[in-house]
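Here is the structure we will look at.
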Number of protein chains: 2
Amino acid sequence: MMTVPIIDLSKLCIHTATTKPWNIEAAAQYYARVGVAGMSVWQDALEGRNTGKTGRMLRDCGLQVVSYVRGGFFPAAEARDRLTAIDDNRKMIDEAAELGAPLLVLVCGAVPGQTLELSRRQIEDGIAAILPHAEKADIRLGIEPLHPMYADSRSAVNTLRQANDLAEKFDSRHLGVVHDVYHLWWDPDLRAETERCGQSGNLFAFHICDWKIPTEDFLLDRGLMGEGCIDIKQIRGWVESAGFNGFNEVEIFSKKYWEMDQNTFLDMIVEAYRNHV
Amino acid sequence: MMTVPIIDLSKLCIHTATTKPWNIEAAAQYYARVGVAGMSVWQDALEGRNTGKTGRMLRDCGLQVVSYVRGGFFPAAEARDRLTAIDDNRKMIDEAAELGAPLLVLVCGAVPGQTLELSRRQIEDGIAAILPHAEKADIRLGIEPLHPMYADSRSAVNTLRQANDLAEKFDSRHLGVVHDVYHLWWDPDLRAETERCGQSGNLFAFHICDWKIPTEDFLLDRGLMGEGCIDIKQIRGWVESAGFNGFNEVEIFSKKYWEMDQNTFLDMIVEAYRNHV
């Protein structure tokens, strides 16, 4: 299967945390100037701002708001904390609606000291509790499976199969999955599970970056596309064959790149996007 | 399911790399003195020594040689390099026989820049090439799936299901799998795949340590049992229910512990073994 080469930037989205040194106003201006079409917004980027006005500012810059990041973190040892997580997620659904983001990304959570099985049940309960609110607000929820190296404290959902299983338990067009090459590239079932979530209408978002060799930090050493070992073109081909035609969202969390001049880094992202996605 | 508590050290094995600052003679003496019953031997530990004599020395100390580590690394871009890997593995099979180790552990390998699918085919070809030699020498080969965070350059086999699939492709009682909690604990299919490899007679070895939170190094920050988030008792229960009654092998690669007095560390291992395995 040949993946069709990318010829323009109309599907390029960048996550605000990728250019963390910029505030959201600077990011919007610079993304738009180089032709980036979409932005995903980290909750932190809205701090001290009016959410609705910020959404309008982004649209005025010509940017589409692709997703709001990140809800989830449902598991907790105490029932009280699980209820707090549910409240926080409902608030984030409201914020996504104000911002004009159609999708809230869920990083499901995990609690060291309790079994993954229990955390998974609490995740399912948490989703059940917030889904009616999301449906009413017409905000989609995307379960993002995280790499197994985050199973200790960030997510007990670590494969696309698990995310698909979970999404399919609920009969809702507002619940689906988020597909991120960084978390999923190693999975021998990735092609089949990608097809599956396309067929079920559950493939809501597609995130890209690369896996550096060696990777030197568990959180903040993601690579620019083409810099590592992930065959992004192949995976994009699978995602598009599964019927996805949304944005390719660049999500690079990297101390190294945050230390660079961010306009230079942005140019590198655009070039890497044209050559390696 | 209750896992039966450990009451003695007759199933405790330690891998030489766990106490890397000691040479194999010191390790043998100190392991035996505290009642450890088995040793797994890293190839490096034999450097400059007669392999057969070293094996006798270990048995004279009262230690059983449990496994020889590590063969594998079959994938390579060049055919010549793949043949070299096969030769190296045949040599390691001979060394295992000389040492008196019944099992050679295979870390399968992966090559950045080629697809995981291709690496997996090369792994299968490599195993096919060395298996007759292993059968003739009566040395068992154990496919050890590595954590997905090692899929870039160490192993394209990252789940117990993959290892089971691969082992079952060959109809040989000399090919099976190595089950390591560090690599496998996160897997939602772990219990089912553990049962499966027990039923097929392919569960050859069981490795233990813990996953620290946070883990600060991709290779050398493994935890002492009880120090992290792995439910080792639960997994040992699954392994034993699957019919395994071999050694519990402690494999802790840790800069932090290597900096300690190794006799103190050894006492900590024995205590952690009694309390958390």
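Every number here is computed from the coordinates shown, using simple stated rules; none is lab data. Predicted, not measured: the structure shown is a model, and the values here were computed from it. Because the Cβ atoms are built from the backbone with ideal geometry, glycine has one as well, and the counts that use them run over all protein chains shown.
Quick notes on this structure:
- In the stretch B:12-276, the DSSP beta bridges split such that about 5 percent are antiparallel, to the nearest 5.
- Spin-label pair residue A:60-residue A:25: with each label point 7 Å from Cα along the Cα-Cβ axis, the two points sit 1.0 nm from one another.
- Within a Gaussian network of chain A (alpha carbon springs, distance under 10 Å), most fluctuating of A:168, A:249, A:216: A:216
- Among beta bridges from DSSP that stay inside the protein assembly as shown, the antiparallel ones total about 5%.
- This ranking places B:86, A:213 by how few other beta-carbon atoms lie within 10 Å of each, fewest first, which gives A:213, B:86.
- Based on DSSP H segments of at least four residues, each scored -39500 (n - 2.57), chain B has a per-residue ellipticity at 222 nm of -13000 deg cm²/dmol.
- Backbone N within the stretch B:86-110 under 17 Å of label point (7 Å from residue B:136 Cα along the Cβ vector): B:86-98
- In angstrom, the C-alpha Rg and Dmax of the stretch A:12-276 are 17.5, 49.
- Ranked by the mean number of other Cβ atoms within 10 Å per residue, highest first, peptides A:42-48, B:267-273 order as B:267-273, A:42-48.
- Residue with peak Gaussian network fluctuation, chain A [Cα springs, cutoff 10 Å], from A:259, A:98, A:195: A:259
- Choice from B:176, B:198, B:142 showing the highest fluctuation, given a GNM over chain B with Cα pairs closer than 10 Å: B:198
- The stretch B:92-120 versus the stretch A:72-137: alpha-carbon centroid distance in Å: 43
- Computed about its Cα centre, the charge dipole of chain B is approximately 420 debye, with only Lys, Arg, Asp and Glu carrying charge at their Cβ.
- Shielding by partners, peptide B:185-197 (average Cβ within 10 angstrom, other chains): 3
- Projecting label points 7 angstrom from Cα along Cα→Cβ for residue A:200 and residue B:245 puts them 4.2 nm apart.
- Pairs exceeding 19 Å between alpha-carbon atoms, taken from A:91/A:136; B:11/B:255; B:233/B:255; A:11/A:169: B:11/B:255; B:233/B:255; A:11/A:169.
- Computed from backbone phi, the HN-Hα couplings of the stretch A:41-51 come to 10, 6, 3, 4, 5, 9, 4, x, 10, 7, 5 Hz, rounded to whole numbers (Karplus: 6.51 cos²θ - 1.76 cosθ + 1.60, θ = phi - 60°; Gly and Pro given as x).
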